[in-house]
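Coordinate-derived values only; no laboratory data. Because the structure is a prediction, the values reported are computed rather than measured. Virtual Cβ from ideal backbone geometry, glycine too; neighbours counted across all protein chains shown.
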Amino acid sequence: MNINIIGGGPAGLYFAILMKKAQPAHRIQIFERNGPDDTFGWGVVFSGKTLANLRAADEESHAEITKEFEAWDNVDVVHRDEKISIHGNSFSGIARLQLLKILQRRAEALGVKLSFRTEVYEVEALRRECDLLVAADGVNSTVRLKYLEQLKPRLDLRSHRYIWYGTNQLFHGLTLTFRENAAGTFAAHSYKFNQQTSTFIIECDPQTWKSAGFEFMSDEDMRSYLGEVFATDLHGYPLLSNNSKWIQFLLVKNENWFFDNVVLLGDALHTAHFSIGSGTKLAMEDAIALAQSFQRTSNVREALADFTTTRRPVIEEYQSAAFGSMLWFENARDYMHLTPMELALSVMMRSGRVTYEDLRKRDPEFIAAYEAVTAH
Ligand SMILES: Cc1cc2nc3c(=O)[nH]c(=O)nc-3n(C[C@H](O)[C@H](O)[C@H](O)COP(=O)(O)OP(=O)(O)OC[C@H]3O[C@@H](n4cnc5c(N)ncnc54)[C@H](O)[C@@H]3O)c2cc1C
């Protein structure tokens, strides 16, 4: 089979690896507009369950990924200077660049052709010359735009603002920190992903963003302002920018996941708010699901229909949990009156997927402490 893939992110690379591994005769080419070492963002997070899926799909890359890992089992919620730790949550972090390098090497070793610094404009020409065109071209997918009528995307740009920074302050666990100032409420999501660096994502509602005056601030002033807001948490370490910009979360859904020989994958197909887990995990699990559909049938239309049938319910459930989590963070201001313990419980149950009894099983000490302080 002749496969063209637009986008050399986690979705495109991992799908190429799995297809080439299953059938070395496939001719697979990835078109990526960036160079092999250009990337944005900091660390990406995987749950224990995702790691098991990656191991089952490709032991070689799994071994490389887990060599580089930082693992933890606690979520820390910081509110009014008090830190509440909830254990029993298995997660790991790795630098996005590191992950991409591992996947690039593995794809190249298997014989996938990687064309870097190659932006695709002529989507239709590329589609005509292959049996399968995979649109793994990210949240602002060109392919999705080109085939708007066939794919029928539904896009929802949220008003909340967030920005991805890094820092050399190490957060040993997934740390959710809430801070307030005269402008409003800020939340930070942070976790270390190597021995020196943590991801530090800051979000706030549109009123807070406006009152803080970010619209007219330079990158340096913004980092210094936010460094002040989170001064207690950053312990003097500055916020590190990697061309970091305030963005609004774009919720992506598509009525049709494929048409003819074109299929969407990863962020191009769907997004889930970062507060519930990284888009990287979903992108790689999409690649696994699509490759499995091609194991069941080599007919392209049948495989794409099979992928839609099997994967859509998983994504819908995930997007629904992520939506609950996103709404919680969008309304974080309304929860600031809670005590640290009450806030920690509310945060842990925000997606509607984790019950009070689940938490009791995961971390009985946390629930005992909660019951002790809330008992009348
Ligand atoms: C600013 C920002 C920072 C982020 N930081 C993090 C982070 O730190 N941790 C985390 O877990 N997640 C992060 N994410 C989310 C994460 O990047 C995605 O959820 C995940 O990478 C999805 O994988 P993907 O392969 O579907 O898409 P992507 O990783 O976005 O890959 C798509 C690729 O397609 C390429 N491309 C697009 N159009 C074309 C074209 N026409 N021709 C050729 N190439 C093209 C792009 O250059 C890109 O490399 C961030 C997202 C944004 C927007």
Residue span Arg55 to Asn181: 0.36 nm per residue of separation minus Cα-Cα distance leaves a gain in nm of 40.9 nm
Using Cα positions and a limit of under 17 Å, work out the aspartates and glutamates in reach of Lys21, with same-chain residues fewer than 8 apart set aside.
Asp58, Glu59, Glu60, Glu64, Glu108, Glu285, Asp286
If every alpha-carbon in segment 182-292 counts as one equal scatterer, what log10 I(q)/I(0) does Debye give at q = 0.12, 0.15, 0.18 1/Å?
-0.59, -0.81, -1.01
Report, in listed order, any pair from Lys20/Lys67; Lys152/Lys210; Lys152/Lys361; Lys20/Lys245 with a Cα-Cα distance greater than 31 Å.
Lys152/Lys210; Lys152/Lys361; Lys20/Lys245
Too long for a 32 Å Cα-Cα cut-off, among Lys146/Lys192; Lys101/Lys253; Lys113/Lys253, are Lys146/Lys192
Per the C-alpha gyration tensor (a ≥ b ≥ c, the square roots of its eigenvalues), segment 6-72 is rounded if a/c is under 1.5, else prolate if a/b beats b/c, else oblate; here it's oblate
Under a GNM of the chain (C-alpha, springs under 10 Å), which listed residue has the highest mean-square fluctuation: Ser278, Ser211, Ser61?
Ser211
If I build a Gaussian network model for the chain, linking alpha-carbon pairs within less than 10 angstrom, which residue out of Ala95, Ala287, Ala52 has the largest mean-square fluctuation?
Ala52
In whole Å, what is the distance between the alpha-carbon centres of segment 213-275 and segment 113-145?
24 Å
What angle do you read, to the nearest 10 degrees and between 0 and 90, between the alpha-carbon axis of helix 10-22 and the longest principal axis of the chain?
40 degrees
Which length gain, in nm to one decimal place, applies between Ser47 and His87 when the Cα-Cα distance is subtracted from 0.36 nm times their residue separation?
13.0 nm
Segment 247-376, Cα convex hull volume normalised per residue, Å³
127 Å³
In whole Hz, with x marking every Gly and Pro, tabulate ³J(HN,Hα) for segment 134-144 from phi via Karplus 6.51 cos²θ - 1.76 cosθ + 1.60, θ = phi - 60°.
9, 8, 10, 9, x, 4, 9, 2, 5, 5, 4
Take segment 298-358, compute every pairwise Cα distance, and split them into 10 Å bins from 0; I just need the percent in each bin.
20, 34, 21, 14, 9, 2
How much mean residue ellipticity at 222 nm does the chain get from its helices, if each DSSP H run of length 4 or more adds -39500 (n - 2.57) and you divide by all residues, to the nearest 500 deg cm²/dmol?
-13000 deg cm²/dmol
Shape verdict for segment 1-144, please, from the Cα gyration tensor: rounded (a/c under 1.5), prolate (a/b greater than b/c) or oblate.
prolate
How charged is the neighbourhood of His273? Take every other residue with its Cβ under 15 Å from the Cβ of His273, and add Lys/Arg as +1 and Asp/Glu as -1.
-1
Unit-weight point scatterers at every alpha-carbon of the chain, Debye formula, q = 0.13 1/Å: log10 I(q)/I(0) is -1.08
Can you compute the equivalent ellipsoid semi-axes for segment 69-162, i.e. the square root of 5 times each eigenvalue of the Cα gyration tensor, sorted largest first and rounded to whole Å?
38, 23, 11
Counting other Cβ atoms within 10 Å, keep those with at most 15, restrict to DSSP loop, and tell me which trypsin sites (Lys or Arg not before Pro) in segment 1-108 are left.
Arg80
Give a quick list of GluC sites (Glu not before Pro) in segment 162-258 that DSSP marks as loop, anything other than H, G, I, E or B, with at most 10 other Cβ atoms within 10 Å.
Glu255
